[in-house]
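In what follows, a structure is listed as C-alpha cells, so that the remarks can point back to it.
The values are calculated or read from the model by the stated rules, or taken from the named source; none is laboratory data. Quick caveat, the model's predicted, so the values are computed rather than measured. Quick reminder, even Gly has a Cβ in these numbers, built from the backbone with ideal geometry, and neighbours come from all protein chains shown. When the accessible area is computed, the model is the full protein with side chains, heavy atoms only, and any ligands, DNA or RNA have been set aside. Shrake-Rupley method; radii C 1.70, N 1.55, O 1.52, S 1.80 Å.
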Amino acid sequence: MREPYRAIPLIATSLVVALLSSSPAGAFGGMGSGVRGGSNDSGELSASASHSRIKVTQTSGPTGGKQGTVSSTDVNWKPPPCWYEPVFTPEQLKDFSENDGSGDVGLRDGWYGSKLWTDHFRDEKDATTIFTKPATVKGYKNYNLGKKGYFWRGVAPNVTGLDDTSLCSRLMFWQDAGEIPDVPKAPTPEILAEYAYDKVKVPGTEVELKPAARSTVNLPTWVWLDKGTFRDVKVRAELPGTGLWAETTAKPVALHLDPGTEDAELFPASGDCAINDDGSIGTPYTKGNADKTPPCGIRYLRATDGAPYQLSASITWKITWRGSDGTDGDLPDGTFETTQDMNVQEIQSINR
C-alpha cells in the first residue's frame, strides 16, 4: 500500500527547510518562542512568528479603574492575520545563529540547528521551499555584515488557520535600510491601526441612577453620567525600523441601555442615549422630576422577585485612524458593556 502523501520541502545545496504544517504551534513560531532575535510587543527578544514588534502606546484618554477592549459591531471584521516585519540586523542575525539557532524563519517553515542558519545566511547556500516564490532562494554572504538594513520575515499574531498566512509565507529576506519591501502584506499604517484595534482600552460603564438603590414599578428611573466621564481614547502604533506609525482614536458616541427584562420601557424607546459634547450622558435627576420623562432612563413595569434585574449599559465607540503617510480611515465601531444589579419595588420610595 502506498504511504499517505507528506509535504516535504526540497533540498538545495545541503540546506533543508523543514515543513511544519502538521503542527500549528510550530508553524506559527511555537518552537522559537522566547529566543533571541527581533523583539515582541512586550519588549522581549524573540524569533517567533506569533509575536509582532509593533509598539502600542496610549497617548490620551482616561487611565486606571475598570477598563476593557472593545468588541467590533461588524461580526465579519477581523484584524489582518499576518504581515512582514524587520526582525534582524546583520549583527543580530550573526549573534542569533551562532549562539542559539532555534526558531522559525517563515510562517510555514522552521529550521532545526544553527548549521542551517549559517548555510543560508553565512555561506551563500541557496534554499528551496515549496512555500516560497520563486522556489529557489539565493543565499547570503556572511549575514550581510557591513550592510545597512534588516532581514524581514512574516509574523502572524492574529492567525486563526494555516490558510490565513498564505501571503506571508516567504522565507526570511533582506531589505535595505529606509525601504519597505515591495511584497504583498508589507506593513502599512492601516495594518498598524488594525493591529492596535484590540489594544485600545476603554473605561467601564457604571451609570448613575435615581433612585440609586431601588427603582419603583411604573415610575421612571433616571440614568445619567457626569461630564468628562467619557473622553476620546487615542493609541499610537509604531513599527521600529520602518518609520511607519498609525494613531487610532476611539470616540464615545452613544450609550445603549438594556433593562434586563422585557417588562420595562426605555427612554428613548431605542435605548440609545446620546453622549453630549462634554462627555456627559442624559440629565441628572433633580427633586420634583419623579413623574417626568427622563431623556435617558427606564420605567420598570414589574417588581423583582428575589433576584435583581441585570441592567446592561454599553458604550458605542466610533474608531478612526490616521497614518504616517497621510492616509486615514474608519474602522468598525466598537462596544464595551458592563452590567449592574437593579432592584425594583412595588411601592414608591419616600425619597422620591
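In region 209-352, taking the dipole from charged Cβ atoms about the Cα centre, the farthest positive-side position among 334, 300, 241 is held by 300. A 1.4 Å probe over all protein chains sorts 277, 291, 226 by accessible area into 277, 291, 226, starting with the largest.
Carbon-plus-sulfur accessible fraction, region 188-309 (probe radius 1.4 Å, protein heavy atoms only): 45%.
For residue 51, the residues 5 or more places off, or on other chains, whose built amide H falls under 5 Å of its own are 156. Taking a virtual spin label 7 Å from the Cα of residue 270 along the C-beta vector, which residues in region 238-257 bring their backbone nitrogen under 20 Å of it? In region 238-257, the label zone of residue 270 (backbone N under 20 Å from the point 7 Å along Cα→Cβ) covers 251-257. Each residue of region 258-268 was assigned a 3J(HN,Hα) from its phi angle through the Karplus expression (A = 6.51, B = -1.76, C = 1.60, θ = phi - 60°), giving 10, x, x, 7, 6, 8, 7, 10, 9, 10, x Hz with x at Gly and Pro. What the Cβ-Cβ distance of residue 338 and residue 126 gives, at R0 = 56 Å and to the nearest 0.05, is a FRET efficiency of 0.45. Placing dummy labels 7 Å off each Cα toward the beta-carbon, the span from residue 141 to residue 217 is 9.0 nm. Entry comment: accessible area of region 227-298 is 47 Å² per residue, from protein heavy atoms only and a probe of 1.4 Å.
Compute the FRET efficiency between residue 77 and residue 324 as 1/(1 + (r/R0)^6), taking r as their Cβ-Cβ distance and R0 = 22 Å, and round to the nearest 0.05. It comes to 0.45. Solvent-accessible surface of protein heavy atoms, probed at 1.4 angstrom with all chains present, puts 262, 206 in the order 262, 206, largest first. The 3J(HN,Hα) values that the Karplus relation (6.51, -1.76, 1.60; θ = phi - 60°) gives for region 199-209 are, in residue order, 9, 6, 9, 10, x, x, 10, 9, 7, 7, 10 Hz. Gly and Pro appear as x. A full extension of the chain between residue 91 and residue 293 corresponds to an added length of 65.7 nm, given 0.36 nm per residue minus the alpha carbon distance.
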